[in-house]
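Asks: Sharing a structure below in structure tokens format, with a few things to ask.
The values are calculated or read from the model by the stated rules, or taken from the named source; none is laboratory data. Just so you know, these numbers come straight off a predicted model, no measurement behind them. Because the Cβ atoms are built from the backbone with ideal geometry, glycine has one as well, and the counts that use them run over all protein chains shown.
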């Protein structure tokens, strides 16, 4: 049987002012009817351009050559008209970042039925009917109302479900999903993947799944192609790729992925209590209009914890959990509304600005986006030296330079790059610069705010290793903030799970991962994907229905404690209970309907 | 991974690799933009001619010669009633040398352009930076004021000012500058606000850098680009405004002159003495073209994604 | 949407008030008065005239009186054209200026956005370069150069069209006849066409690069469907924001155009009145102009909200 899509010897080149970029090199790939093929690769591997190029969707400066046959017909180089007959009907696409991928000034209902009317020639009334059914099918509640809304009125997870509805409504033969779950929270990612699997089972749609995430690929793909720098380095059955990889790059990628089922945390060696945070609150005023009342967004709503010398505390939460705000409040980069931060016995509420500036030498931070956290007009050496110069002004220029070079060597940067600029370095190298800048003043506490989240897995593994090594060598404490439970597992002694600005569970890492108590923690852990097709396909998942509610809704925190919802305007706050030595869990209702098992 | 094994040897590190700053990248891109580079050269030539104007002609710019009233240049191709030998651009209605007057007009127009732009730059940067840096309610009030001023028919205010204060030249500079600062303030504020929220500024704060250090080392160097672009595009706008006022008789007064005055005179005698319109108009158009090309070139060079 | 409209309207009124106040005091704080230039009047006569116009009262009282009258729609008498009220003078001039300005504005928006979109669709092709060079020319050559040049070419020399010599009147209003309108409207619209074309090109290029355009292409929609259904509304947003400044630009241009083409609009009155220190006339014209600009800004705000649903809610 001939395959549905057959790509042979595809080359894609982009003409740029700085010369030609060869993004995809001689790639061949086929997808059979009803089959799911995963294309995995790191940034710059050309995995997204591959399918955009195959279906004539490249940017204006891109050119594709080779052969692309869809249902045995050559489509590369055919007219736009012929391509348009295929695109959106027999072949549909889902893109990353559903906010920018949906037209902002058109209701989602119209955007869904557009393709249906064009390709399936149905009447408007029938299209409306089928659109509503489709929205219900991708589990959007109140479909009739949602159809009349604009993309910005929906949450991220719901927008991606709208994208899926657009792609699925014409009953395509092939659905191309380009990073469909990237930038979504893990619990939402799990829901989206379930919907894709269901579509495939019901409509026998072939799926081309493009992702950087080995876990996502493992959960659904039958066959896998691994791409690096525009080339497929290895392709084969999913089980073979994941269990017996041949190519070194594939082996390296698989080894770099942090895994909950294999990794274990570091041994604890606790010292004195360094930092104590007591019932801290941070709220932001949200103005909704000229005449409306200013509401308060409670980003952090009563969090307490302690951190000991040499300890790593993981702070885990999805978007809107307040984890980054918490970090900034602890570092006094943001004013806290109430509560205390006690640093080595000193209450920082009493400290004046000079004292806090002096304390910056003890507390440092590493940011998420390595490029954004470095001044683009400052050589990296000067960026690293900056805290040193402002906190130890007595240091001579030469002495500072020597220290900077030594620190660069320590974080694995070539010290001769001291005059390089951030745009000349890669993401991983820039993150090393960020770490060097934090470490140069020999701090006692470093906050890592999603410090490895924006990096490719292979780089991520290196940086995680570097952070761990720096900690072991200097005995510093870490506050490691991340949405990625598997990365946290590798580094942290203790873990705190945040939900809408409050702690729902806090325990030693082993206790939390082996014996999660709170339903939210369980859902989070259950949503983490393992790069192993056998495990992924056999296990049952605890799915949360719907999205993370808005932190502006005072009832949101009672999602897991609906029995207390009757409390009136001053809603009840779930209390933290100590269920075992050092294992704290927020109150929740045992049996509840917000959970469902699929 | 980077080779770190050899880096222990500190002596080997004496020669640090020189990085390429964004400024140098921008300069390289600008150099490749032929329109912008030609404009810079042409503008420099015009400015030089204007500066050296008194030395370039034997005639004074206000030297009247009643024997050569509205006479064509000697090389004028079409027929003319009289020819003014030695006057390369011909003469005006009272026999003054047009070449010299066009150059003096250039002096005036360029001076107004630069001074008024400087005034707008000073007010705009101070105002915009204050609003952007302080933020919050103060920012709201300050920008609301700018919004209101934006909706004013500002040219009428300049006209009223010029009428009231007897066409004072200094006032002309200040009045135009005081009007043009609004956009500058908006741009600077926008830059200040977006930069203030950048992670590298937060990183500097976390590194204990003082407020002044953040402004001078991080905010200003990063805000300079868009401001420079806007300055380049403001100068031609100001020159146009000045010539507009002069055309209405509200700007520069005789015997001083500017391109606006010359064009106004030329337009009146367009049929009988077209050279009186063509030369000042041409020079002004070329100058404005140059500024616009340089501004566009700078923008492309500093922000290459918009190509 | 209604709430939004109301809020915008509430924001516009204080602006008008501030403009009136600013103009009033600027005029009055200047040296000289409306009756300076006339032959010297006996002091008691001058005092009588001043009393008649309330000029003898303290400034703040005059201001109060002016506002009170204005609230009833009375712009006061003209100090110079003593037989007419300001309202009468503006009433005769405004229709001329409005017809001129609105025609120029419509022309600028229509031609400018067409040229700009065309250039964007042909980005970096010769069509793009041609349009952008033309636009640059339109921006750099001032109205008071194009006006005499065009009158010379079309009015005095005439142009041969299909073997017939074709001329246009270079002066006069003639009741707003089309032939009389062509030259002034063209001159007025040219710089705006150029600015609109540049704006439109920039925003269209930006929009065509957006991810949702790629989504629309992936749906198999045809090029015109994508352009009109998905791109145009978003690309038109900067144009809508430019409505206010465009009004100001056309009003400014009308000062010149009305003078050069000898048209009886209020722009000409304004320059004369400012030179004569005809307080009420200047104030009246400024009030009308400011109201116009504010109105256009208001319309722009509403249009913006219609085109972009995100604005309505936030």
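Asks: If residue C:192 passes every condition in (1) part of a helix (DSSP H, G or I); (2) at pLDDT below 90 but one, which one does it miss?
Replies: The single condition residue C:192 does not satisfy is (2).
Asks: Checking residue B:78 against (1) under 21 Å from residue B:281 (Cβ atoms); (2) within 14 Å of chain C (Cβ to nearest Cβ); (3) within 28 Å of the chain's Cα centre (by Cα): exactly one of these is not met. Which one?
Replies: (3)
Asks: For a quick check of your reading of the model, give me the residue pairs whose first member lies in segment C:1-29 and is buried (at least 16 other Cβ atoms within 10 Å of the Cβ), whose second is outside any helix (DSSP H, G or I), with beta-carbon atoms closer than 7 Å and at least 6 apart or on different chains.
Replies: What qualifies is C:15/B:151; C:19/B:152.
Asks: Same structure, new question: Which condition from (1) within 11 Å of chain A (Cβ to nearest Cβ); (2) crowded, with 23+ Cβ neighbours inside 10 Å is the one that residue B:235 breaks?
Replies: (1)
Asks: Kindly indicate whether residue C:111 is over 24 Å from residue C:266 (Cβ atoms), in the same structural domain as residue C:197 (by TED's automatic domain parsing) and in contact (Cβ under 8 Å) with a residue 12 or more places away in the chain.
Replies: Details: over 24 Å from residue C:266 (Cβ atoms): yes; in the same structural domain as residue C:197 (by TED's automatic domain parsing): yes; in contact (Cβ under 8 Å) with a residue 12 or more places away in the chain: yes.
Yes, satisfied.
Asks: Before we move on, is residue B:208 in a loop (DSSP other than H, G, I, E, B), over 14 Å from the mean Cα position of the chain (by Cα) and at pLDDT 85 or above?
Replies: Against the criterion (in a loop (DSSP other than H, G, I, E, B), over 14 Å from the mean Cα position of the chain (by Cα) and at pLDDT 85 or above), residue B:208 qualifies.
Asks: Within segment A:122-150, how many residues are exposed (fewer than 15 other Cβ atoms within 10 Å of the Cβ) and within 14 Å of chain C (Cβ to nearest Cβ)?
Replies: Number satisfying all stated conditions: 1.
Asks: Would segment B:165-183 turn up any residue that is in contact with a helix residue (DSSP H, G or I) (Cβ under 6 Å, 6 or more places away or on another chain), at pLDDT 85 or above and closer than 30 Å to residue B:290 by Cβ?
Replies: Checked segment B:165-183: at least one residue is in contact with a helix residue (DSSP H, G or I) (Cβ under 6 Å, 6 or more places away or on another chain), at pLDDT 85 or above and closer than 30 Å to residue B:290 by Cβ.
Asks: Okay, next question. Do we find a residue being under 18 Å from residue C:245 (Cβ atoms), within 12 Å of chain B (Cβ to nearest Cβ) and touching a helix residue (DSSP H, G or I) at 6+ places or on another chain (Cβ under 8 Å) anywhere in segment C:144-165? Please lay out each step first, then the result.
Replies: Step one: of segment C:144-165, the residues under 18 Å from residue C:245 (Cβ atoms) are none.
Scanning segment C:144-165 turns up no residue that is under 18 Å from residue C:245 (Cβ atoms), within 12 Å of chain B (Cβ to nearest Cβ) and touching a helix residue (DSSP H, G or I) at 6+ places or on another chain (Cβ under 8 Å).
Asks: Here is a check on your reading of the model: is residue B:201 within 11 Å of another protein chain (Cβ to nearest Cβ), outside any helix (DSSP H, G or I) and modelled with pLDDT of 85 or more?
Replies: On the way: within 11 Å of another protein chain (Cβ to nearest Cβ): yes; outside any helix (DSSP H, G or I): no; modelled with pLDDT of 85 or more: yes.
For residue B:201, the condition - within 11 Å of another protein chain (Cβ to nearest Cβ), outside any helix (DSSP H, G or I) and modelled with pLDDT of 85 or more - is not met.
Asks: Just for strands (runs of 3 or more DSSP E) wholly inside segment A:1-120: which have at least 1 residues that are more than 14 Å from chain C (Cβ to nearest Cβ)?
Replies: In segment A:1-120, A:5-16, A:19-31, A:36-41, A:62-70 are the strands (runs of 3 or more DSSP E) which contain 1 or more residues that are more than 14 Å from chain C (Cβ to nearest Cβ).
Asks: Restricting attention to segment B:275-282, does a residue exist that is out of contact with any strand residue (DSSP E or B) (no Cβ under 7 Å at 6 or more places or on another chain), farther than 30 Å from residue A:384 by Cα, crowded, with 22+ Cβ neighbours inside 10 Å and more than 10 Å from every other protein chain (Cβ to nearest Cβ)?
Replies: Yes; the residues of segment B:275-282 include at least one that is out of contact with any strand residue (DSSP E or B) (no Cβ under 7 Å at 6 or more places or on another chain), farther than 30 Å from residue A:384 by Cα, crowded, with 22+ Cβ neighbours inside 10 Å and more than 10 Å from every other protein chain (Cβ to nearest Cβ).
Asks: Let me ask something else about it. If you go through segment A:347-370 one residue at a time, do you hit one that is outside the structural domain of residue A:278 (by TED's automatic domain parsing), under 34 Å from the mean Cα position of the chain (by Cα), more than 26 Å from residue A:275 (Cβ to Cβ) and not in a strand (DSSP E or B)?
Replies: no
Asks: Another one. What's the number of the only condition in (1) part of a loop (DSSP other than H, G, I, E, B); (2) within 11 Å of chain C (Cβ to nearest Cβ) that residue B:251 fails to meet?
Replies: (2)
Asks: On the basis of being within 14 Å of the chain's Cα centre (by Cα) and away from every other protein chain (no Cβ under 11 Å), does residue B:286 make the cut?
Replies: On the way: within 14 Å of the chain's Cα centre (by Cα): yes; away from every other protein chain (no Cβ under 11 Å): no.
No: the conditions fail for residue B:286.
Asks: Still on this structure: The conditions are (1) part of a helix (DSSP H, G or I); (2) on the phi > 0 side of the Ramachandran plot, and residue C:231 fails exactly one of them. Which is it?
Replies: Checking residue C:231 against (1) part of a helix (DSSP H, G or I); (2) on the phi > 0 side of the Ramachandran plot, the one that fails is (2).
Asks: Select from segment A:301-344 the residues that are buried (at least 20 other Cβ atoms within 10 Å of the Cβ), within 14 Å of chain B (Cβ to nearest Cβ) and part of a loop (DSSP other than H, G, I, E, B) and list them in ascending order.
Replies: Passing the criteria: A:331, A:332.
Asks: If a residue has to be part of a loop (DSSP other than H, G, I, E, B), away from chain A (no Cβ under 14 Å) and either within 16 Å of residue B:161 (Cβ to Cβ) or free of Cβ contacts under 8 Å to residues at least 12 places away in the same chain (or both) to count, how many in segment C:255-314 make the cut? Step through it out loud before you land on a result.
Replies: If we filter segment C:255-314 for residues that are part of a loop (DSSP other than H, G, I, E, B), which is where we start, we get C:261-265, C:277-278, C:308, C:314.
Applying the additional criterion that residues be away from chain A (no Cβ under 14 Å) yields C:261-265, C:277-278.
Now drop any that are not either within 16 Å of residue B:161 (Cβ to Cβ) or free of Cβ contacts under 8 Å to residues at least 12 places away in the same chain (or both), which leaves C:277.
Count: 1.
Asks: Looking at segment B:254-264, which of the residues that are more than 10 Å from every other protein chain (Cβ to nearest Cβ) and modelled with pLDDT of 85 or more is surrounded by the fewest Cβ atoms within 10 Å (Cβ to Cβ)? Walk me through how you get there before you give the answer.
Replies: To start, the set of residues in segment B:254-264 that are more than 10 Å from every other protein chain (Cβ to nearest Cβ) comprises B:254-258, B:261-262.
Narrowing further to those that are modelled with pLDDT of 85 or more: B:257-258, B:261-262.
Values: B:257: 27, B:258: 31, B:261: 25, B:262: 30.
Among those residues, the one meeting the criterion is B:261.
Asks: Oh, and also: How about segment C:119-140: which of its residues are surrounded by fewer than 22 Cβ atoms within 10 Å (Cβ to Cβ), within 26 Å of the chain's Cα centre (by Cα) and without any contact (Cβ under 8 Å) to a residue 24 or more places away in the chain?
Replies: Selection gives C:133 alone.
Asks: While we're on this one: Any idea which of (1) crowded, with 16+ Cβ neighbours inside 10 Å; (2) modelled with pLDDT of 75 or more is the one residue B:37 doesn't satisfy?
Replies: (1)
Asks: Right, next: For segment A:156-184, what are the residues that are at pLDDT below 85 and crowded, with 20+ Cβ neighbours inside 10 Å?
Replies: A:157, A:184
Asks: Inspect segment B:42-56 for any residue being closer than 30 Å to residue A:18 by Cα, surrounded by fewer than 17 Cβ atoms within 10 Å (Cβ to Cβ), at pLDDT 75 or above and within 13 Å of chain A (Cβ to nearest Cβ) and give the result as yes or no.
Replies: Looking for residues that are closer than 30 Å to residue A:18 by Cα, surrounded by fewer than 17 Cβ atoms within 10 Å (Cβ to Cβ), at pLDDT 75 or above and within 13 Å of chain A (Cβ to nearest Cβ), one finds none in segment B:42-56, hence no.
Asks: Moving on to the next point. Just a yes or no: is a residue in segment A:442-449 within 14 Å of chain B (Cβ to nearest Cβ), closer than 23 Å to residue A:306 by Cβ and either under 18 Å from the mean Cα position of the chain (by Cα) or in a helix (DSSP H, G or I) (or both)?
Replies: Yes, the conditions are met somewhere in segment A:442-449.
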